[in-house]
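Okay, so here's the structure we're looking at.
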Amino acid sequence: MGGTANGHPPGMTSLWLDRPVRSAYDDVAFGNVYDVVVVGAGLTGLVTAHLAAQSGKSVAVIEAREIGAVTTGNTTAKISLLQGTKLSSIASKHPRSAVRSYVDANRAGQSWLVDYCRSKGVAVQTETAYTYATTDTGLTSVRRELAVADTAGLPVFHTTESELPFDVMGAVGLAEQAQFDPLDALLALADDIRTSGGHISEHARVMSARHTRDGIRLTVPGGSIVGTRIVLATGTPILDRGLFFSRLEPLRSYAVAFEIDGPIPRGMYLSADSLSRSIRYAPTSDGERLLIGGNGHTVGRESSEQAQVDDLVDWTGTHFPGARVTHSWSAQDYESIDVLPYAGPLVPGDGFITVATGYDKWGMTAAVAAALHLDAASRGEKMPWSNCFALWNPRVLRGATSAIRMNGAVVKNMATGWVSALSKLGSTRRPAEGTGRVGGGILPRATCTVDGVTHDVSAVCPHLGGILRFNDAEKSWDCPLHGSRFAADGTVLEGPATHGLSSRDA
Ligand SMILES: Cc1cc2nc3c(=O)[nH]c(=O)nc-3n(C[C@H](O)[C@H](O)[C@H](O)COP(=O)(O)OP(=O)(O)OC[C@H]3O[C@@H](n4cnc5c(N)ncnc54)[C@H](O)[C@@H]3O)c2cc1C
């Protein structure tokens, strides 16, 4: 890979996922009954499975794609308790005790993960995290975050000094935070799960679940598996029974890795301004890289995703002249309507199927805390900070205003998508390479040309009927309603959908 900061970044593969091909894990005994079946092999799923396997349970992990293929393998991987302005946003909706529980939960997740990595020889860099401001508005946010974090017991400090190559008006800092390569940790966890007797199968997508006499039967293409306890660690929960999709906003954002000639800042930075920028360094076997992230938006609601990547590249070229792109990627995470994460039963009172979601781009600590919380709950115990994950309590209702706003946007996107699709007749012309279009009237089609092949699939999301939009950075079809995404040929990539798009010949 290579390219200059002013050119188009090649490919969309993260720094972490760019590694030699390995053979797929494939040793789950489908048809058997397991004590715990974990769906999803991101950080949530693998820590959950590891904890269950260590306590002597029979464990199966079922992964639709590959370990880390979705959000964990495409994160910026800061393991930090200073999380931009997250604590202020929790404080704006919840009492102080909730902020403290959130911090305590993340502290437990952070120390578990860092200790685990150190015990397995997974490299972790300890650095200071900063939330910085370049505008007056940002500075107000920085001061608020400083006050909230201080009250929550974090040893934060204020500074106006910075190693960044542009003016910073002020920053809140927290020393001794961490960063790593998340794939190294996931692969160590996968090895440990197998060593403790657990089983993992990749390339197996769970399509549905039903209660049976023996437990919960999950269906995968060509087979099924029964679990006494099921953990849906799928990012957004895949089974619609809990209506989680209506309480979560899927937020996609971008990251680019660069080779640069000068020194790379040591701190882990996140801007408090509306121009979001995440900055860190990353050691690689080819030398250090500068990582720049940002430009988040709701999935499927941008006119050009590629423009978001290009903007990050241009911004970096301005501040780090001569920076050369090595990797670019994007990913999505889910923000809950009341800004706290969820971990608990899929539906109230049914502890057999549990979910963990809503980390709002802070899952390196929150996902581990969610796994620790679910593990304790499976033994009928509670962590001292467990209430920050509590489901179905009145705090969910406190997010009602944002739910109405969010679901209003969903309805609007549903309507505009259909009106636009119905007004466009089908065309027999082949879309240009790397482009896609929706048309065809009452049965809308999504047609695109990628790598010389023209694909023609249904333009209707099988989850809840949204009209898909072409993502020009990743050459995918993205749903603006709840964040389901599909490859050019209609295969499911991520989100709440479990079925792909039907092709014209299907
Ligand atoms: C751009 C970006 C940057 C981020 N940076 C940071 C950061 O610096 N620090 C931080 O703390 N957090 C960060 N985050 C957030 C963090 O990466 C996530 O919160 C975390 O990785 C979520 O982990 P997960 O295991 O829940 O989900 P995932 O890693 O997405 O794992 C879910 C898995 O479930 C599988 N799956 C889905 N459906 C099915 C099915 N039907 N059957 C079988 N398997 C299925 C998927 O294929 C996937 O592998 C960032 C997020 C983004 C988007």
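Could you list, in sequence order, the residues of region 131-146 that are crowded, with 16+ Cβ neighbours inside 10 Å and assigned to a loop (DSSP other than H, G, I, E, B)?
Passing the criteria: only T134.
On the basis of being polar (S, T, N, Q), farther than 25 Å from Y269 by Cβ and touching a Leu at 6+ places or on another chain (Cβ under 8 Å), does T44 make the cut?
no
Are any residues in region 326-355 more than 16 Å from the ligand (Cβ to nearest atom) and either out of contact with any Ser or Thr (no Cβ under 7 Å at 6 or more places or on another chain) or basic (K, R) (or both), and if so, which ones?
Result: T326, D338, V347, P348, G349, D350, G351, F352.
Say whether the condition of being open to solvent by 40 Å² or more (accessible area, probe 1.4 Å), of a type outside the set (D, E, K, R), more than 15 Å from G173 (Cα to Cα) and away from the ligand (no atom under 12 Å from the Cβ) is met by at least one residue in region 62-70.
No, because not a single residue in region 62-70 is open to solvent by 40 Å² or more (accessible area, probe 1.4 Å), of a type outside the set (D, E, K, R), more than 15 Å from G173 (Cα to Cα) and away from the ligand (no atom under 12 Å from the Cβ).
Looking only at region 35-61, filter to residues that are more than 7 Å from the ligand (Cβ to nearest atom) and assigned to a loop (DSSP other than H, G, I, E, B); which one of those is nearest to R205 (Cα to Cα)?
The extreme case among them is S58.
Name the single residue that is most open to solvent (accessible area, probe 1.4 Å) among those in region 327-343 being within 17 Å of T365 (Cα to Cα) and touching a strand residue (DSSP E or B) at 6+ places or on another chain (Cβ under 9 Å).
Here the residue is E335.
Write out, first by first residue and then by second, each pair whose Cβ atoms fall under 7 Å of each other, whose residues are 6+ apart or on separate chains, and whose first residue, in region 40-58, is open to solvent by 10 Å² or more (accessible area, probe 1.4 Å) and modelled with pLDDT under 95 while the second is more than 6 Å from the ligand (Cβ to nearest atom) and not in a helix (DSSP H, G or I).
Listed pairs, sorted by first residue: none to list.
Give the number of residues within region 434-454 that are part of a strand (DSSP E or B) and more than 11 Å from F470 (Cβ to Cβ).
4
Between a residue in region 438-452 that is over 18 Å from T491 (Cα atoms) and any residue that is of a type in the set (S, T, N, Q) and in a strand (DSSP E or B), which pairs come within a Cβ distance under 8 Å, given they are 6 or more apart or on different chains?
Partner pairs satisfying both residue conditions: G439/T447; L443/S458.
Mind telling me which of the residues A105, A149 ends up being within 18 Å of G267 (Cβ to Cβ) and out of contact with any strand residue (DSSP E or B) (no Cβ under 6 Å at 6 or more places or on another chain)?
Only one candidate passes the filter, namely A149.
Restricting to strands (runs of 3 or more DSSP E) lying wholly in region 317-371: which have 3 or more residues that are under 13 Å from the mean Cα position of the chain (by Cα) and modelled with pLDDT of 95 or more?
Output list reads 324-336.
Considering only residues that are in contact (Cβ under 8 Å) with a residue 60 or more places away in the chain, in a strand (DSSP E or B) and not acidic (D, E), which ones fall in region 465-492?
Scanning region 465-492 gives R469, N471, R485, V492.
Just checking, which of A149, A175, A91 is in contact (Cβ under 8 Å) with a residue 12 or more places away in the chain and open to solvent by less than 10 Å² (accessible area, probe 1.4 Å)?
Only one candidate qualifies: A149.
Name the residues in region 451-498 that are open to solvent by 20 Å² or more (accessible area, probe 1.4 Å) and among the aliphatic types (A, V, I, L, M), would you?
Matches in region 451-498: V453, V460, L464, A487, L493.
Only one of T76, T72 is modelled with pLDDT of 95 or more and over 30 Å from I216 (Cα atoms). Can you tell me which?
T76
Which residue out of G287, G300, G322, G317 is open to solvent by less than 10 Å² (accessible area, probe 1.4 Å), more than 13 Å from the ligand (Cβ to nearest atom) and over 21 Å from V355 (Cα atoms)?
G300
The values are calculated or read from the model by the stated rules, or taken from the named source; none is laboratory data. In this text the structure is predicted, and so the values were computed from the model without any measurement. Every residue, glycine as well, gets a Cβ built from its backbone with ideal geometry; the counts of neighbours run over all protein chains shown. What goes into the accessible areas is simple: the full protein's heavy atoms, side chains included, and nothing from ligands, DNA or RNA. Shrake-Rupley method; radii C 1.70, N 1.55, O 1.52, S 1.80 Å.
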